[in-house]
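A.B. asks: This is the structure I have questions about; it appears just below.
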Amino acid sequence: VQLQASGGGLVQAGGSLRLSCAATGIYFNLYRMGWYRQAPGKQRELIATCTSDNTTNYADSVKGRFTISRDNAKESVHLQMRSLKPEDTAVYYCHVVTHSLINYWGQGTQVTVSS
């Protein structure tokens, strides 16, 4: 199983970025996909999930600004981030846990929001 994340970068506050994560080696359509982030000195936190039937959930910190979506045909999940704030600066990880309860993580992509 591989999760390949991309799309991070440096953006000014108020700007937008779109993260993508391509999955290989799993039956993508079966699983809930998620995005986590980890800021320096902080624990990794779950910020958005999208189930196989496109039910989404968000952490309060990103609700209304971030949108998670998936493309089952392309086995990919995306995170559209708008109205970015300096406190959104973190390494962002895509994630899946299989029915065997094995966790897989992408390699992480850095998002830096300047004030």
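The values are calculated or read from the model by the stated rules, or taken from the named source; none is laboratory data. Being a predicted model, the structure only gives us computed values, none of them experimental. With ideal geometry, Cβ positions are generated from the backbone for all residues, glycine too; neighbour counts draw on all protein chains shown. To get the accessible areas, we keep the full protein, side chains included, count just its heavy atoms, and leave off ligands, DNA and RNA. Shrake-Rupley method; radii C 1.70, N 1.55, O 1.52, S 1.80 Å.
A.B. asks: Is there a residue in region 22-31 that is of a type in the set (S, T, N, Q) and either closer than 24 Å to residue 100 by Cα or open to solvent by less than 30 Å² (accessible area, probe 1.4 Å) (or both)?
C.D. replies: So far as region 22-31 goes, yes, one or more of its residues are of a type in the set (S, T, N, Q) and either closer than 24 Å to residue 100 by Cα or open to solvent by less than 30 Å² (accessible area, probe 1.4 Å) (or both).
A.B. asks: Quick check on region 58-103: of everything there that is of a type in the set (Ser, Thr, Tyr) and farther than 13 Å from residue 35 by Cβ, which residue is nearest to the chain's Cα centre (by Cα)?
C.D. replies: Per the stated criteria, the residue is 89.
A.B. asks: Among the listed residues 75, 45, 87, identify the single one that is closer than 17 Å to residue 2 by Cβ and among the acidic types (Asp, Glu).
C.D. replies: After applying the criteria, what remains is 75.
A.B. asks: Taking residue 67 and the conditions (1) modelled with pLDDT of 95 or more; (2) of a type in the set (S, T, N, Q); (3) in contact with a Phe, Trp or Tyr (Cβ under 7 Å, 6 or more places away or on another chain), which numbered condition does it fall short on, given that it satisfies the others?
C.D. replies: Single failed check for residue 67: (3).
A.B. asks: Does residue 100 fit the bill of being surrounded by fewer than 16 Cβ atoms within 10 Å (Cβ to Cβ), of a type in the set (Ser, Thr, Tyr), in a loop (DSSP other than H, G, I, E, B) and at pLDDT 95 or above?
C.D. replies: For residue 100, the condition - surrounded by fewer than 16 Cβ atoms within 10 Å (Cβ to Cβ), of a type in the set (Ser, Thr, Tyr), in a loop (DSSP other than H, G, I, E, B) and at pLDDT 95 or above - is not met.
A.B. asks: What about residue 39, is it open to solvent by less than 30 Å² (accessible area, probe 1.4 Å), under 16 Å from residue 2 (Cα atoms), in contact (Cβ under 8 Å) with a residue 12 or more places away in the chain and touching an Asp or Glu at 6+ places or on another chain (Cβ under 8 Å)?
C.D. replies: no
A.B. asks: Going through region 104-115 one residue at a time, which ones are surrounded by fewer than 11 Cβ atoms within 10 Å (Cβ to Cβ) and assigned to a strand (DSSP E or B)?
C.D. replies: none
A.B. asks: Any idea which of (1) modelled with pLDDT of 95 or more; (2) of a type in the set (A, V, I, L, M, F, W, C); (3) closer than 15 Å to residue 94 by Cα is the one residue 26 doesn't satisfy?
C.D. replies: Among (1) modelled with pLDDT of 95 or more; (2) of a type in the set (A, V, I, L, M, F, W, C); (3) closer than 15 Å to residue 94 by Cα, residue 26 violates only (1).
A.B. asks: Please work out which residue is farthest from residue 30 (Cα to Cα), limiting yourself to region 73-97 and to residues that are part of a loop (DSSP other than H, G, I, E, B), of a type outside the set (A, V, I, L, M, F, W, C) and open to solvent by 50 Å² or more (accessible area, probe 1.4 Å).
C.D. replies: The extreme case among them is 85.
A.B. asks: Collect the residues in region 37-68 that are under 17 Å from residue 8 (Cβ atoms) and assigned to a strand (DSSP E or B), keeping them in residue-number order.
C.D. replies: Within region 37-68, 37, 38, 45, 47, 48, 66, 67, 68 meet the criteria.
A.B. asks: Answer with yes or no whether residue 109 is within 22 Å of residue 41 (Cβ to Cβ), among the β-branched types (Val, Ile, Thr) and either out of contact with any strand residue (DSSP E or B) (no Cβ under 6 Å at 6 or more places or on another chain) or modelled with pLDDT of 95 or more (or both).
C.D. replies: Spelling it out, residue 109 is indeed within 22 Å of residue 41 (Cβ to Cβ), among the β-branched types (Val, Ile, Thr) and either out of contact with any strand residue (DSSP E or B) (no Cβ under 6 Å at 6 or more places or on another chain) or modelled with pLDDT of 95 or more (or both).
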